[in-house]
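Single-structure report; data block below.
The values are calculated or read from the model by the stated rules, or taken from the named source; none is laboratory data. Quick caveat, the model's predicted, so the values are computed rather than measured. Here Cβ is always computed from backbone atoms with ideal geometry, including for glycine, and neighbour counts include all displayed protein chains. In case anyone asks, the SASA skips ligands and DNA or RNA and just uses the protein heavy atoms, side chains included. Shrake-Rupley method; radii C 1.70, N 1.55, O 1.52, S 1.80 Å.
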Amino acid sequence: MIKNYLLTAWRRLVRDKLNAFILVIGLTVAFTCCILLFLMVRYEYSYDGWHEHGDRLYEAYERNESPTGERRGESFGFPAAPAMKAEIPQIVRSSAFMSAGGAIRYRGKEVYQRLMLVDADFFSMFSFPVVGGDGVSPLGESDHVVINQTIATALFDKGEAVGKHVLVKVSGIWKAFTISAVLRDVPANSSLQFGMLARIEVHKDYPAQKDDWGDHHHRVYVQLAPGATPRQAEEGLRQMILRHNLGDSDFLKSQGYLRDNHGDYVSIRLEPMSEVHFDAVLGGRSAIDKTYLYTMILIAVVVMVIACFNFVNLNVARSFTRAREVGVRKTIGAGRRDIYLQLWSESLILFIIALFLAIISSSLTLRPFNDLFTEKLRLSSLLEPGVILAIGATAIVISFLAGGYPGWLVSRFHVVEVLKGKISMKRNSLLRSGLITFQFVMAAALICATIVIFRQFEHLRTASLGFEQESVISIPVQDNDKIPQDVRRMRLLLASHPEVEAISASSVNIGIGEDKARSKWSRGFFFHGKGMNTTRLSVDYDFLKVMGIAPVAGRDFSSAYPSDTATDAENVIINQSMARQLGIKDETGFSFYPDSSEPKWNIIGIVPDFHLYSLYETAGPMTISMVKPGMSLNYILVKVRTGNPSAAMRLVQAVFRKLEPDNPVNGSFLTENVQRWYEKEQRLADIFFTAAIIAILLSCLGLFAIVSLIMEQRRKEIGIRKVLGASVASIAGLLSMEFIGMVLVAFLIAIPLTWYFLRRWLDNFLYKTTIAWWIFPVTGVLVVLIALLTVGLRTVRAALGNPVSALRID
């Protein structure tokens, strides 16, 4: 029986090639989008989900209520992790996670990989597989280091790495270690990324700061006891804050901070490890907002719904052309169930063909998809039993829903009415009109969203940040302790090259460079009884010249002033926001002590506010100081003439390679760095643009098929009108008006919905574009023109047909 259904269905589809082709293409495109977006969302939700104790792992963070809203900080001092474990019963393990640069050397070979400093509990908390060496307590001794397989292969080829004595650069200082274990490379879907691990006690500042709660520089992760709740642990953390007097309430109160529900100005909260990847603050650069993933799911659903609506619409329209076939089948004994199963089997075959083609299409487009969205997706994920079952079940359910209504409708035809020819497709079907209208509502909304998102991205990318971007090259440096010497050497080596204008260095990169690192250093202090807060930036000479920033008062740092590098007092340059915070005008010569135990600050210059960070943050108070002995910088900045940027980059990179020949990281222009701030907006714009194109194509494909069927039914009417003298234009216009009306209704529905949701999306930005009035008329014109072209192709062809042939049709 089933074989007969499928064979009959296949023959029917072969006879009706055009409609079958249209349906298969639409479903293939929809399935391809759904598969790729499903893989993407599944990958993002897989972050940190493979740790054995994952349900009890948390990241600690500080929280307080500033005058502008909630503020959270993920950094702690050296005592934090040990105190949490020792003082709070609900916390059974804890570990710091501190970046310490990273380079490893063995017998003249040197490899650069990220070094993280952790506590002994780290391997008991997290499930990073050990492939060689001590798998129980790899960091049991302070002189042990753990490396990944990439480092082991690079340093020792195929030799044994465990037990080898190596030198590791820890915060700029080479130290001797013994390799105790080799780990499998950290998977890309881990929030914790590293190449090497060592104990936090080896940090150069640990002996002096192990009891200092005030200097924050690393993350802390904790593991709760079985049965313990985060709320219980947070109450214990509150008591720990009170015991150690960690909440500087006077300072925060003076800055307008508010108390929380417990009456505290500062609290320590716990974020589940499963949620860290979705937290923009705690998740770092790899973090992704769940709203972004919900948008991906929504787009997949919309595309699939449009394809299914096409399927329903076209099958309902085709069902009336098959009325006689159904009548004959019923006459010879077929029941409703037989008719329904026959039509559903046709739908199922189409869905299976489309799914097969979609898998092929997904495999071909996976690499460009990964490049676009910077994912690490593999099509092999589709071969997992659970995924195969989910995709198969989804295809069957969708085919049942999409093919079910037409099958149910046709199975209810009465034999007598069918054979008398009383069953025909209504010219104005509410269902058909509703589905077509919905499709174009989605298409119009996606076009509007694409335009607004692109305008917002362009606004962020091109907005003035207060400094020059196009002509400045940023180079991440490995050996940051000798940057001042490297800058001097680069100045000497490039002095004879007119394309190089100035060279400086900075503790913070502008934008996101090739090393993908981001950092921020801020400082709080009291001034005249009021709490002050400022972003700190350390630089070398000529920083303002390189960045194209002109002081509004005072001067830049200069070697002509020995006091700029003195240690008994600190000459600083502040921005105008800092000057306003201090209550001074654009004047220099002002001095004050930020702390009684620190040198005095002398203000030698005031500069306009500029954005050291993205436009997601305001350009707040900033203090710039010269690098001092014992301090380090991280980036060399080179200002070049941009007549030939590629040649300038090659020149600068070649000279830098003489200073750090083993540095694998390349330099980049600040324009590229700034653009990386807004990769998410760029990807979102690309997604909506692609979705809009697909939605329009699918909608037009379905509209073209429906119009074709209606034209076939109205051939006699068209022939009669032509015989009576109607022109081709008038006939085409008459036949098109019904569909253009649906598109106009769809546009009118889409306007308020799109405006509301885009307005809410733009509210997430401090610096945002406007929803210009012209966006909606342009969208309306585009949608109508596209629909008119689709309908017009078929209606004009019908109007040009020979009326004699049409009138001969029975």
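Residues are listed down the side, and each one gets a yes or a no for (1) assigned to a helix (DSSP H, G or I); (2) at pLDDT 70 or above; (3) closer than 17 Å to I352 by Cα; (4) open to solvent by less than 70 Å² (accessible area, probe 1.4 Å):
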site: N4; (1), (2), (3), (4): yes, no, no, no
site: W10; (1), (2), (3), (4): yes, no, yes, no
site: F38; (1), (2), (3), (4): yes, yes, no, no
site: R42; (1), (2), (3), (4): yes, yes, no, no
site: Y47; (1), (2), (3), (4): no, yes, no, yes
### Task
Collect the residues in region 203-244 that are within 20 Å of S142 (Cβ to Cβ) and hydrophobic (A, V, I, L, M, F, W, C), keeping them in residue-number order.
A208, V220
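Please pick out the residue among V508, V472 that is touching a Ser or Thr at 6+ places or on another chain (Cβ under 7 Å), under 25 Å from E679 (Cβ atoms), crowded, with 17+ Cβ neighbours inside 10 Å and modelled with pLDDT of 80 or more.
None of the other options fit; the residue is V508.
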### Task
Might you let me know whether region 77-90 holds any residue that is touching a Lys or Arg at 6+ places or on another chain (Cβ under 8 Å) and either of a type in the set (S, T, N, Q) or part of a strand (DSSP E or B) (or both)?
no
### Summary
Checking L766, L758 in turn, the sole residue that is in a helix (DSSP H, G or I) and either at pLDDT below 80 or surrounded by 19 or more Cβ atoms within 10 Å (Cβ to Cβ) (or both) turns out to be L758
### Message
Quick test for you: out of G719, G725, pick the one residue that is open to solvent by 10 Å² or more (accessible area, probe 1.4 Å), modelled with pLDDT under 80 and out of contact with any Cys (no Cβ under 8 Å at 6 or more places or on another chain).
### Response
G725
## Note on the structure
Subset of region 342-396, residues open to solvent by 40 Å² or more (accessible area, probe 1.4 Å) and not in a helix (DSSP H, G or I), comes to T374, K376, R378, E384
### Message
Just to be sure before I move on: is S142 open to solvent by 30 Å² or more (accessible area, probe 1.4 Å), within 19 Å of S95 (Cβ to Cβ) and in contact (Cβ under 8 Å) with a residue 40 or more places away in the chain in the structure I sent?
### Response
yes
### Task
Quick one: in region 206-238, of everything that is out of contact with any strand residue (DSSP E or B) (no Cβ under 8 Å at 6 or more places or on another chain) and free of Cβ contacts under 8 Å to residues at least 40 places away in the same chain, which residue is most open to solvent (accessible area, probe 1.4 Å)?
R231
### Task
Kindly check whether there is at least one residue in region 49-66 that is within 16 Å of E271 (Cβ to Cβ), within 23 Å of the chain's Cα centre (by Cα) and surrounded by fewer than 21 Cβ atoms within 10 Å (Cβ to Cβ).
yes
### Query
Which residue, of L544, L537, is closer than 25 Å to G101 by Cβ, touching a residue at least 60 places away in the same chain (Cβ under 8 Å) and out of contact with any His (no Cβ under 6 Å at 6 or more places or on another chain)?
L537
### Residue count for region 547-565, restricted to those that are free of Cβ contacts under 8 Å to residues at least 24 places away in the same chain and over 18 Å from V607 (Cβ atoms)
3
### Task
Just one of (1) within 19 Å of G195 (Cβ to Cβ); (2) at pLDDT 90 or above; (3) not in a strand (DSSP E or B) trips up F97, so point out which.
(3)
#### Entry: Those residues of region 100-123 which are farther than 19 Å from A161 by Cα and assigned to a loop (DSSP other than H, G, I, E, B), in sequence order
A100, G101, D119, A120, D121
